[in-house]
Amino acid sequence: MIGTRSSHLDADALKVRGLCRAFEGILALSSIDLTVRRGELVGLMGPNGAGKSTLVNLITGFDAPTEGRILLGSVDVTGWSPRRLASAGMSRTFQHGHSFPMLSARENVEVAALGVRINPTAARTQTDEIIELLDLGDWEDTLAGTLSHGLERLVGVGRALATQPSFLLLDEPAAGLNEVEGELFASVLERIRAERNLGIILIDHNVPLMMRCSDRVHVLSQGTTIAEGTPDGIRTHPVVVEAYLGVT
Ligand SMILES: Nc1ncnc2c1ncn2[C@@H]1O[C@H](COP(=O)(O)OP(=O)(O)OP(=O)(O)O)[C@@H](O)[C@H]1O
Ligand SMILES: [Mg+2]
């Protein structure tokens, strides 16, 4: 890892305890407990409106919980700003986020690296590594706005990796990808896992992809946890089958 910053907590686990979020009195999330360890991929599933993005927004500081705690290792990071959390090792992609269209793929990643690190040389080296890891070398000088949807999503993942996270939260990074792009994404995810010791939360509606990629699966419905466990346990869980058709 290059240029590790003093504010980086290098935590072994991300823990969410009793997290609640109410919007105008209506609970979007209720008493959520979730733990992700370094090296582990937790699949976060649930129907539309279940509260998945709300949970990611809370964990990454883009929204504040009504109740509950977020811990990075033993440090309580509840209420920290997104920037402070990014420096501490938390990173995310956005469900509806876009890269800077008028910057190249490479510049998009480098700008994100510079956002948490002042040393331009370290940012450049970090960008080189990410371009290679994501196999974006052929497109590094292409304007992000002209890339295919699948490649643009990978640039988004590259931007998230540029902050040297310990924990990476991916909000539907494979949404809208065709079958070939989806396979490419799954293989890139495998490579990220093999080469970087990250704790990952992955949100997606593609059940086979989630079952294949996840070590554990956490299922939300209407803001509450309805099941959690291994992919095999979840696949046949009666409550999940009822709430989330197609899991059988
Ligand atoms: N800023 C907000 N103000 C009011 N209600 C909100 C806000 N953000 C989310 N909600 C509500 O919280 C609930 C959970 O929304 P959220 O976006 O977290 O769901 P999701 O599981 O990510 O759904 P999807 O699969 O469609 O992305 C929904 O009922 C939504 O309308
Ligand atoms: Mg969402």
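The values are calculated or read from the model by the stated rules, or taken from the named source; none is laboratory data. This is a predicted model, so every value here is computed, not measured. Heads up, the Cβs are rebuilt from the backbone with ideal geometry, glycines too, and the neighbour counts pull from every protein chain shown. All accessible areas refer to the heavy atoms of the entire protein, side chains included, with ligands and DNA or RNA removed. Shrake-Rupley method; radii C 1.70, N 1.55, O 1.52, S 1.80 Å.
GNM remark for the chain: springs join alpha carbons under 10 Å apart, and the peak mean-square fluctuation among E179, E67, E107 falls on E179.
The accessible area of F23, taken with all protein chains in place and a 1.4 Å probe, comes to roughly 90 Å². Candidates M45, T125, T35 compared by Cα position along the dipole of the stretch 13-243: farthest toward the positive end lies T35, with charges placed on Cβ. Secondary structure note: in the chain, about 55% of the DSSP beta bridges are antiparallel.
Per residue, how many Å² of accessible area does the chain show with a 1.4 Å probe?
Values: 11150 Å² over 248 residues.
Accessible surface, normalised per residue, equals 45 Å².
On full extension of the chain, what length is gained from S31 through T146, given 0.36 nm per residue of separation minus the C-alpha to C-alpha distance?
Extra length available between S31 and T146 comes to 37.2 nm.
With the simple model of a label 7 Å out from the Cα in the direction of the Cβ, D138 to D215 spans 3.3 nm. When the helices of the chain are scored as -39500 (n - 2.57) per DSSP H run of n ≥ 4 and the total is divided over every residue, the value at 222 nm lands at -10500 deg cm²/dmol.
Modelled label positions at A22 and E195, each set 7 Å beyond Cα in the direction of Cβ, lie 4.7 nm from each other. Around the amide H of L44, modelled in the peptide plane, lie the amide H atoms of L202, I203, D204, H218, all under 5 Å away and 5 or more residues distant in sequence or on another chain. Can you tell me how the stretch 65-210 classifies by the Cα gyration tensor, rounded, prolate or oblate, using a/c under 1.5 as the rounded cut? Oblate is the answer for the stretch 65-210, as a/c is 1.5 or above yet b/c matches or exceeds a/b.
Pairs of Cα atoms nearer than 8 Å and 6+ residues apart set the relative contact order; for the stretch 58-126 it is 23 percent. Can you give me the C-alpha center-to-center distance between the stretch 198-248 and the stretch 1-62, rounded to a whole angstrom? Rounded to whole Å, the Cα centres lie 16 Å apart. Solvent-accessible area assigned to carbon and sulfur over the stretch 13-243 amounts to 52 percent, based on a 1.4 Å probe. Our Cα-only numbers for the chain put the radius of gyration and Dmax at 17.5, 53 Å.
In this structure R106 has an accessible area near 40 Å², from a 1.4 Å probe over the protein heavy atoms. Label-to-label distance for F62 and H98 is 1.5 nm, based on points extended 7 Å past Cα in the beta-carbon direction.
Applying Stokes-Einstein at 4 °C and 1.567 mPa s to the Kirkwood radius of the stretch 1-136, computed over alpha-carbon pairs, gives a translational diffusion coefficient of 78 µm² s⁻¹.
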